[in-house]
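For reference, the structure is listed below as structure tokens.
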Amino acid sequence: MTATYNRTDWASAFRNVGQELSDMPVKASSGSIPEALIGTLYRNGPGRLERGGQWVHHPFDGDGMVTALRFHQQGVSLTNRFVRTEGWLAEEKADKVLYRGVFGSQKPGGVLANAFDLRLKNIANTHVVQLGDQLLALWEAAEPHAMDPVSLETKGISLLDGVLRDGEAFSAHPRFDPGHHGSPRMVTFGVKSGPRSTIRLMEFATVDDPSSGIKAGKLLHDRSDNFPGFAFLHDFAITPNWAIFLQNAISFNPLPFVFGTKGAAQCLQSKAGGIAQFWLVPRAEGKYAGEKPRVIPAPEGFVFHHLNAWEEEDDVVVESIYYSDFPSIGPDQDFQEIDFNLIPEGLLERCIINLTSNSVKCQRLSERCCEFAMVNPNNEGIKSSYCWMAVADKEQGNDPLQAIKKLDLSNGEKFIWSAAPRGFVSEPIMVPRAGAIKEDDGWILCVVWNGARCASDLVILNANDLSEQAVLELPLAIPHGLHGSWVDA
């Protein structure tokens with residue numbers, strides 16, 4: 001099949017970020033910035049993909065760089081900083097690669113140099129969220145790094161006032177409960193994987209409560225549960241009563257990693273004949289608090305990301321992006337030359353879990369290749385009418401993400417904004433208008449790689465119909481990134 005995009009444009013985003021800017025003013029090159037949009041858009045992703053002439057094997061192994069776009073009365077300003085992790089500082093000083101990467105990046109020197117080196121470099125490159133007065137750069141295999149929310153100065157590893165142990169995994173995909181139990185929470189988890197896997201579920205306050213003396217960032221609830229089998233979990237979903245995990249049918253053979261021939265993630269593969277499972281963990285203030293988790297067989301396929309979940313009588317409904325198989329890049333493949341036609345595309349599906357019969361029914365919600373889907377954050381954990389996602393420009397088949405889609409989840413009605421042929425989108429962030437009544441009243445913010453000028457744009461869309469509000473040409477070339485968040489002023 002003929003590509004509908006220019007591969008050179010797409011691949012040109014894979015580069016090193018060569019500058020760190022502070023409060024650099026950014027103007028709209030077209031349209032106008034909504035006056036009511038006041039706050040900060042934070043983005044995280046790999047900002048260093050090459051060192052000493054050696055490229056990472058997979059962009060997910062690149063060092064984390066956080067970008068802050070601050071919207072204020074005078075306009076918009078940009079600040080970006082690399083997360084000064086221990087590994088980044090050591091490699092900066094040595095000016096060479098010192099660590100292996102989870103996704104297959106190796107140290108120089110071949111197999112002998114990599115065998116039995118099982119150290120993990122905390123690259124802090126996956127997500128960025130604010131919790132209390134700390135901005136947290138997240139990487140799910142280790143602790144978060146704390147940064148100053150304004151200057152983006154790295155403060156160092158944060159154990160969250162003793163909540164975490166040294167080296168403890170802390171998810172890079174928290175969920176923000178808008179207030180189902182009286183006040184907003186950050187709900188997150190950590191995983192310890194093995195023949196039996198342990199999930200630690202944690203809930204943190206996100207606002208100060210003067211009446212109780214609870215401050216934002218305080219741990220409110222904490223539980224751990226053991227499950228049979230190896231857990232590979234990037235994301236989860238929440239409802240008022242449940243935290244919902246999907247254990248993909250994945251096997252892990254660590255020997256190639258130990259012997260230096262593969263990265264840890266390359267040792268994962270779909271388990272032939274394996275059965276995926278939903279793990280439903282009761283939340284501390286829900287009506288099933290204190291009960292054991294429910295384990296229910298799940299449909300075939302592989303899931304990185306969930307859209308949302310909600311409850312309806314005896315059903316728990318989970319919307320997720322399903323792949324037919326675990327997508328990976330093998331040791332002999334060049335990530336800049338991958339054939340999208342040979343990689344399974346992600347498709348949005350709804351699973352209805354009946355808690356009485358322990359049965360699951362599924363339906364496809366969209367046939368268009370998609371990723372990075374979200375609902376209005378005020379609707380996290382309840383039934384939503386709309387979602388927004390990054391999609392391929394063509395209607396079927398796998399391709400790079402070049403468009404934003406708004407989907408009506410009840411009737412399939414859609415709106416599309418496309419950056420094609422030379423633009424490539426990242427995760428869209430939905431920002432509700434303050435005081436809005438309608439679920440789709442607000443804006444979509446999306447960093448777009450502009451292949452025509454080899455730099456990044458910030459595009460602001462009307463969340464209702466995806467009409468273009470403004471385009472800001474950024475003074476920075478930001479490589480294809482991962483997750484981000486919006487913080488109101």
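Over the chain, what is the relative contact order in percent, taking alpha-carbon pairs closer than 8 angstrom and at least six residues apart?
Relative contact order for the chain comes out at 15 percent.
For region 1-94, the set of GluC sites (Glu not before Pro) satisfying both a DSSP loop assignment and a count of at most 11 other C-beta atoms within 10 Å is given as 35. The eigenvalues of the Cα gyration tensor, multiplied by 5 and square-rooted, give region 340-489 an equivalent ellipsoid with semi-axes of 27, 21, 13 Å from largest to smallest. A DSSP coil position with no more than 11 other Cβ atoms inside 10 Å describes the following chymotrypsin sites (Phe, Trp or Tyr not before Pro) in region 54-121: 116. For region 410-419, putting each phi into the Karplus relation 6.51 cos²θ - 1.76 cosθ + 1.60 with θ = phi - 60° gives couplings of 9, 10, x, 4, 9, 10, 10, 10, 10, 9 Hz, in residue order, rounded to whole numbers and with x for Gly and Pro.
A cut-off of 5 Å between modelled amide H atoms, ignoring neighbours fewer than 5 places along the same chain, links residue 220 with 203, 204, 205.
Normalised by 2.2 N^0.38 Å, with N the number of residues, the alpha-carbon radius of gyration of region 331-410 equals 1.34. Scalar couplings 3J(HN,Hα) for region 70-83, obtained by applying the Karplus form with A = 6.51, B = -1.76, C = 1.60 to θ = phi - 60°, are 9, 9, 9, 4, 8, x, 10, 10, 10, 10, 9, 8, 5, 6 Hz; x denotes Gly and Pro. Working note: 222 nm ellipticity from helices only, DSSP H runs with n ≥ 4, each -39,500 (n - 2.57), summed and divided by the residues of the chain, gives -1000 deg cm²/dmol to the nearest 500.
Look at the dipole of region 7-379 built from charges on Cβ: of 254, 179, 69, the Cα furthest out on the positive end belongs to 254.
Take every Cα-Cα pair in the chain and report what % of them are more than 29 Å apart. Value for the chain: 48 percent of Cα pairs lie more than 29 Å apart.
Once you reduce region 357-381 and region 116-181 to the center of their Cα atoms, the two points are 26 Å from each other. The trypsin sites (Lys or Arg not before Pro) found in region 407-466 that occupy coil by DSSP, while having at most 12 further C-beta atoms within 10 Å, are 453.
Put a plus charge on the Cβ of each Lys and Arg, a minus charge on the Cβ of each Asp and Glu, and nothing anywhere else: the dipole of the chain about its Cα centre is then about 860 debye. Coupling constants for region 277-284 follow from the phi torsions by the Karplus curve (6.51 cos²θ - 1.76 cosθ + 1.60, θ = phi - 60°), and in residue order they are 9, 8, 10, 9, 9, x, 7, 5 Hz; glycine and proline get x.
Size of region 378-465: Rg and Dmax of its alpha carbons, in Å, are 13.6, 41.
Throughout, read-outs are computed from the coordinates displayed, never taken from laboratory work. These numbers were taken from a predicted model, which means no experiment stands behind them. Here Cβ is always computed from backbone atoms with ideal geometry, including for glycine, and neighbour counts include all displayed protein chains.
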